[in-house]
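Q: I'd like to ask you about the structure that follows.
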Amino acid sequence: MSSSKSVLSVRDLKLYYRTRKGVVKALEEINFDLEKEDTLAVVGESGCGKSTLARALVRVLPRNIHTYEGKVILEGRNVMELNEEDFRREIRWRKISIVFQGAMNSFNPVYKIGYQVAEPLIIHDHLEKKEALKRARQLIELMGMPGVFADRYPFELSGGMKQRAAIAMALITNPEIVILDEPTSALDVLTQANIINLLKKIKNEFKLTYIFITHDLGLASELANRVAVIYAGKMVELSSADIFYTQPKHPYSKGLLASAPTLSTDRRPEFITGVPPSLIDPPSGCRFHPRCRFAWEKCSSEEPAMFQVGEDHLVRCWLYGDGK
Amino acid sequence: MNSEGRLLELEDLRKWFEIRRGFLSSKVNYVKAVDGVTFRLDEGMAMSLVGESGSGKTTLGKTIIRLYEPNGGRIIFQDRDVTHLKANDLKWYRRMTGLVQQDPFGAFASHFTIFRSLEEPLLIHNTVKSKEERAEKVFKALEEVRLTPVEDFAYKYPHMLSGGQLQRVAIARAIILEPRLLVADEPVSMLDASVRIEILTLLRRLQERLRLGVIYITHDLATTRFFSEWALIMYAGHVMEKAFTQEILRNPLHPYTRALLTATPEPNPENRNRFKQVPPGEPPALIDPPKSCRFSPRCPHAFDKCFKEEPPEFEAASGHWVKCWLYERS
Amino acid sequence: MGWLKTGSSKPSAGLKGVLREVLSYKSAIAGIVILLFLIGLSVYTMVTIPLPEAIQAWRSSEAWSRNPRNAQPEWIELFYGRRLPRTIKVSLGETKASEVLREDGTLSVSWVIHFNYDYDDFPSEIIVFFNSSYVEKPVVEIYWIRPDGDEILLKKHSLRRPDDRLYLSNDLGLELKLERLFESKIGKKPNFTVTVEKGLFSEYSQDPRVLKGVYGMRLEATLSKNDVLNAELVVYGTVHGLAGTDHLRRPLIIGLLWGAPIAMSFGLTTALLTTSLGLIIGTISGWYGGKIDSVIQRIVEINAVLPFLPILILLTTFYRIDLFIILLSVVVLSIFSLGIKGTRILVMQIKSYPYIEAAQAYGASNMRLILFYVIPKILPPVVPGMISSVPGFVFLEAGLSYLGLGDPFLPTWGKIISDAQTNGAFYKGMYYWVLEPAFMLILTAIAFALIGMALERIVNPKLKEL
């Protein structure tokens, strides 16, 4: 992993929220590198911090931030040092854009779809409205929708169509990186498959780098060449998809894979017992140890680091630690 | 499958919703959410109702437990016609059936403790008289869904529990009156992947232990496999295919079923290198669906007849029905 | 509407939790303190001055004859910086009489009474009350003894009836006499009009100046053997008690005290009745929909354009006005308020929640669903609204009393203001008469408003950020 080739490097990203009950350690020790045209799938259970990661990268954060630090190096430049205004002008949507979870419900009902897709162009590139709308229409057609849909209002479109429009909106400023935060979570299976096909197609056409946030390992495998597993705010495994899906190392990753039902094999799905811990007061040592079948004393007392277990394969687990 | 084991039979069941346009307009349109469904479910068996949103699967589920009154056809439950039951008879039917909903967070009154939520059905049906007996029943139900120690959960409010735990409570509530039939409407679609299997496994065990009939409504074919004997594929208010779950998964006949199977994602790193062959387009509006086969506009195998006439259900193989003209000769 | 979200929203965790949260607002604590004070005041009033007694006293003029007319409250001194006269009552019975038996068998009796006067202002009025029994009307001679030793014959008075009263202040003859006395003492006409009070209590000077010291009054009368004569001198002050008096010499404190329980019970009862009945109607409307809903909504719309006050005036004209009738008509006119529309929409929203469907699936009846599943959900926003609506009804009652549509028997704040208005309190500088009841009204309003606002913030977290 040479960081010279990477478009995005994240180093020790940390994000805490302040709540009435205490400080929520939403993300800690997040490290990864992305090369051009990579797709990193970030997987984990709900509340593990994967959506927070997406928001932290584009700096769309709630007001109750307690700590927000680390390095996010985009094309050799640490964008964490930029102030809000510069970040908005130079990074968000220009370099990194995002398709939010449930983006299809986030359209303003009183504007036409075309205008809403074109809006980033008008704001960021100061393009003439007419020119921007033309580009929006082209992009909408590229998303597999009739161009006339640009002149429709959100309520006139189905969920799948709105999701396509949301993707168009994320692409209109030609960003390097697109974050997909559960982009198909409320869609039907067939529509989902169509959207995934679309995402594959435009990735090739636009030479995009994706960060794909999902809880569905099956879905993740449709796009990802790299997989990061997050558990309770920390990354527990990071590897290429080929390795991850065939030889997962972390007990949690194994559990996740075992819980995904399959149609092609006769494997009976299994589940991980227990519930994820509170991020206000996480367990000592390895955060997964209370649910782990393989845990021993060391797991509850000392926190494991990310151990290298093969080329391009990191695991945060004592089973692969120095002593073993 | 003798007549004694018969739990539920649907005969050409219809549920249409009326839509009036305007206040004085006499023109009435119908949303044909469930349009002629026939099947039979035996005691202790589970049937998966698979379909996309708008397929009518949820409406069918609610009609079966008579949250909706059908517009046509019949529902026979334990050899008794329950299609149009009223008042006390309906109350009896409510006791014989249970419902588990999709959204565990919305399924409970936020001002009730878990105990009270579970006690409610008992209070309403007055099946146990004394307070102690009721408490015993509530605790037993919590044990049944493995929420132990029960005291830790009974006196909590819903917001203090996780989605998976709440769904267990929902199951406990659905079985507390000892029903014979359980309708589980997408019971795991809002839960995490690892929790899904946990809940489905629990449901399956209860079904087997209590000899419950279960109707498992889902959009996810992959989860039907280990959790139901029968599967029924719905599309736009019609049943497209029905057979044993294993049979449908191994030998899908209807083009729609095949499309669903193809589209269902599976963990496999090879996936990223290929495009999926799925039919384009979207399901028809149920106000004015195609008069012929409802899947015909999207079907890759559609021929003339498909656009002209609605196919009946053909028994393509023993116990394997399919509503498609492709199987007319068999 | 954060509180409407099932599950994810914070719990009310029972009454205790709510109370604890309420107490985290300083304004709410202030509101509660004021409310407790008002409640304490009401209880105290009801115990010490029972209602029938209060009503009777309030309506009789005789009970207050020894009180000054339109006197300011005593604490007003703090603003003037001088001692204002209290009312002095001296009775003959307390003094020794000198008796001389005449040859004709009559008694020549003489009394002297003394009192100390060291206020910085003149009294407002002087009256001698007689209380006697006689065979033949006796003649009484009254002398005034000033601290400087001068003795003035005030009046030779033949009693007209046993309980005769001598209004010295109104005695023009006496006034003239005193004016002449002043002229002769200082050698010229004084700069002021010598009223009876000034003539009796001022130094002999060009300008009126209170002569402090011990004053005396001597009474001489000729009585028959079995005659009894008693008299009481009342020198009326210009201040009285905590709250002053009105034009009928009634102490305002009684009206102010009794105003509290009346205002609060009226306000709370109407608020409670209108809110809860409105809640029930709105819930029925939203839950059942269809024809019931249509009918209720039309009634609400018609009610919204009906003029409230004229109808109330009409009603109070045709029926005997008492507080209960007023309360009833206010409630009837307010239950079909526009608030029902809000409740109805909330109920329709709640009706579509999964937990309602779940309850229907296990057989809960409509009644049970409304009572245990819907109403507890819509109560949180309704309760603060109800508390906040109390001041409105308190003001309404005061307003009606002010218009003369109030209960004619009960002493209420509105009636005090009404009396003040008809007697031109402001023009005559009697600000206390209006300001006191106004202060009580505002105090009550503030108490409920503070509590209502705090509750509102608790149930509607969005407001917390404002």
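Q: Run through the DSSP bridge list for the protein assembly as shown and note the antiparallel percent, rounded to the nearest 5.
A: Within the protein assembly as shown, antiparallel bridges account for around 75 percent of the total.
Q: Arranged from highest to lowest average of other beta-carbon atoms within 10 Å per residue, in what order do the peptides A:31-42, C:66-77, C:422-433, C:183-194 appear?
A: So the order, starting with the most tightly packed, is A:31-42, C:66-77, C:422-433, C:183-194.
Q: Could I ask something else about it? Once every DSSP H run of n ≥ 4 in the protein assembly as shown is given -39500 (n - 2.57) and the sum is divided by its residues, what mean residue ellipticity at 222 nm do you get, rounded to the nearest 500 deg cm²/dmol?
A: The per-residue figure over the protein assembly as shown is -12000 deg cm²/dmol.
Q: Which residue, B:SER296, B:SER48, B:SER194, tops the fluctuation ranking in a GNM of chain B built on C-alpha contacts under 10 Å?
A: Comparing B:SER296, B:SER48, B:SER194 in the GNM, the peak value goes to B:SER194.
Q: A further question on this structure: Simple spin-label model, 7 Å along Cα-to-Cβ: B:GLU11 to C:SER60 in nm?
A: Computed distance between label sites B:GLU11 and C:SER60 equals 9.0 nm.
Q: Indicate the gyration tensor shape class of chain A (rounded, prolate or oblate), computed on the Cα atoms with a ≥ b ≥ c the square roots of the eigenvalues: a/c under 1.5 is rounded; otherwise a/b larger than b/c is prolate and the rest oblate.
A: Prolate is the answer for chain A, as a/c is 1.5 or above and a/b outweighs b/c.
Q: Next up: Given a Förster distance of 25 angstrom, what is the FRET efficiency for C:SER224 paired with C:LYS89, based on the Cβ-Cβ distance and rounded to 0.05?
A: 0.35
Q: Next up: Can you give the angle from 0 to 90° between the axis of helix C:26-48 and the longest principal axis of chain C, with both taken from C-alpha atoms, to the nearest 10?
A: The answer is roughly 50 degrees.
Q: Pull up the cross-link candidates among the aspartates and glutamates for B:LYS15, meaning alpha carbon to alpha carbon under 14 Å and not fewer than 8 places away within one chain.
A: Partners found: B:ASP35, B:GLU69.
Q: Also, quick follow-up: Taking every residue in B:272-279, how many Cβ atoms of other protein chains lie within 10 Å of its Cβ, on average?
A: 6
Q: Place a point 7 Å from the Cα of B:PHE244 along the Cα-to-Cβ direction; which residues of the stretch A:224-265 have their backbone N under 19 Å from it?
A: Label zone hits: A:263-265.
Q: OK, next. Please name whichever of B:ILE65, B:GLN167, B:PRO252 sits farthest to the positive end of the charge dipole of chain B, dipole taken about the Cα centre and charges placed at Cβ: Lys and Arg +1, Asp and Glu -1.
A: It is B:ILE65.
Q: At a Cα cut-off below 19 Å, give the lysines reachable from A:LYS129, other chains included and same-chain residues fewer than 8 away excluded.
A: Filter leaves A:LYS112.
Q: Select from C:GLY267, C:LEU403, C:GLN56 the residue farthest towards the positive end of the dipole of chain C; place +1 on Cβ of Lys and Arg, -1 on Cβ of Asp and Glu, and compute about the Cα centre.
A: So the residue furthest toward the plus end is C:GLY267.
Q: For the stretch B:73-229, rounded, prolate or oblate, judged on the Cα gyration tensor with a ≥ b ≥ c (square roots of eigenvalues), a/c < 1.5 rounded, else prolate if a/b > b/c?
A: Taking the square roots of the gyration eigenvalues as a ≥ b ≥ c, the stretch B:73-229 is oblate.
Q: Using a 10 Å cut-off around each Cβ of peptide A:241-247, what is the average number of partner chain Cβ atoms that fall inside?
A: Per-residue shielding by partner chains comes out at 3.
Q: Could you please rank C:GLU141, B:GLU136, B:GLU241, placing first whichever residue has the fewest other Cβ atoms within 10 Å of its Cβ?
A: The fewest-first ordering by Cβ neighbours comes to B:GLU136, C:GLU141, B:GLU241.
Q: Still on this structure, I have one more. Work out the length of the dipole vector of the stretch C:75-236 about its Cα centre, built from +1 on the beta-carbon of each Lys and Arg and -1 on the beta-carbon of each Asp and Glu, and round it to the nearest 20 debye.
A: Once rounded to the nearest 20, the dipole reads 200 debye.
Q: Go through B:LYS57/B:LYS323; A:LYS5/A:LYS134; B:LYS242/B:LYS305 and tell me which ones have a Cα-Cα distance over 26 Å in this structure.
A: Checking Cα-Cα distances, A:LYS5/A:LYS134 exceed 26 Å.
Q: Here's a follow-up. For peptide B:59-65, what's the mean number of Cβ atoms from other chains within 10 Å of each residue's Cβ?
A: 1
Q: Could you identify which residue out of B:ARG205, B:ARG20, B:ARG196 has the top mean-square fluctuation in a GNM of chain B using Cα springs shorter than 10 Å?
A: With Cα springs under 10 Å in chain B, the top fluctuation among B:ARG205, B:ARG20, B:ARG196 is at B:ARG20.
Q: In addition: Which angle from 0 to 90°, rounded to the nearest 10, does the C-alpha axis of helix C:308-318 make with the longest principal axis of chain C?
A: The answer is roughly 60 degrees.
Q: If you take the beta carbon distance between C:THR317 and B:GLU178 as r and set R0 to 60 Å, what does 1/(1 + (r/R0)^6) give as a FRET efficiency, to the nearest 0.05?
A: 0.35
Q: Also, I was wondering about something else. Hydropathy first: keep DSSP H helices in chain B averaging at least -1.0 on Kyte-Doolittle, then drop any whose Cα extent along the axis falls short of 24 Å, and list what survives.
A: B:193-210
Q: Reachable lysines from C:LYS185, Cα under 19 Å, same-chain residues fewer than 8 places away excluded?
A: In chain and number order, the partners are C:LYS177, C:LYS198, C:LYS212.
Q: Could you state the angle between the C-alpha long axis of helix A:189-206 and the longest principal axis of the C-alpha atoms of chain A, as a value from 0 to 90 degrees rounded to the nearest 10?
A: 80
Q: Right, here's the next one. As I understand it, the dipole of the stretch A:96-174 uses +1 on the Cβ of Lys and Arg and -1 on the Cβ of Asp and Glu, about the Cα centre. Which of A:LEU121, A:GLY159, A:GLN138 lies farthest toward its positive end?
A: The Cα lying farthest towards the positive end belongs to A:GLY159.
Q: Say R0 is 35 Å: what FRET efficiency, to the nearest 0.05, do A:ILE65 and C:ARG20 get from their beta-carbon distance?
A: FRET efficiency, A:ILE65 to C:ARG20: 0.80.
Q: Right, here's the next one. Ranked highest first by the average count of other Cβ atoms within 10 Å around their residues, in what order do A:241-251, A:154-164 fall?
A: Highest to lowest by the protection proxy: A:241-251, A:154-164.
Q: Let me ask another. Students often check this: by mean Cβ neighbours within 10 Å, which of A:202-211, C:56-65, B:302-311 ranks highest, and how do the rest follow?
A: A:202-211, B:302-311, C:56-65
Taken together, the values in this text are just the output of simple stated rules run on the coordinates, not laboratory data. Treat the numbers as computed from the prediction; the structure is a model and nothing was measured. Every residue, glycine as well, gets a Cβ built from its backbone with ideal geometry; the counts of neighbours run over all protein chains shown.
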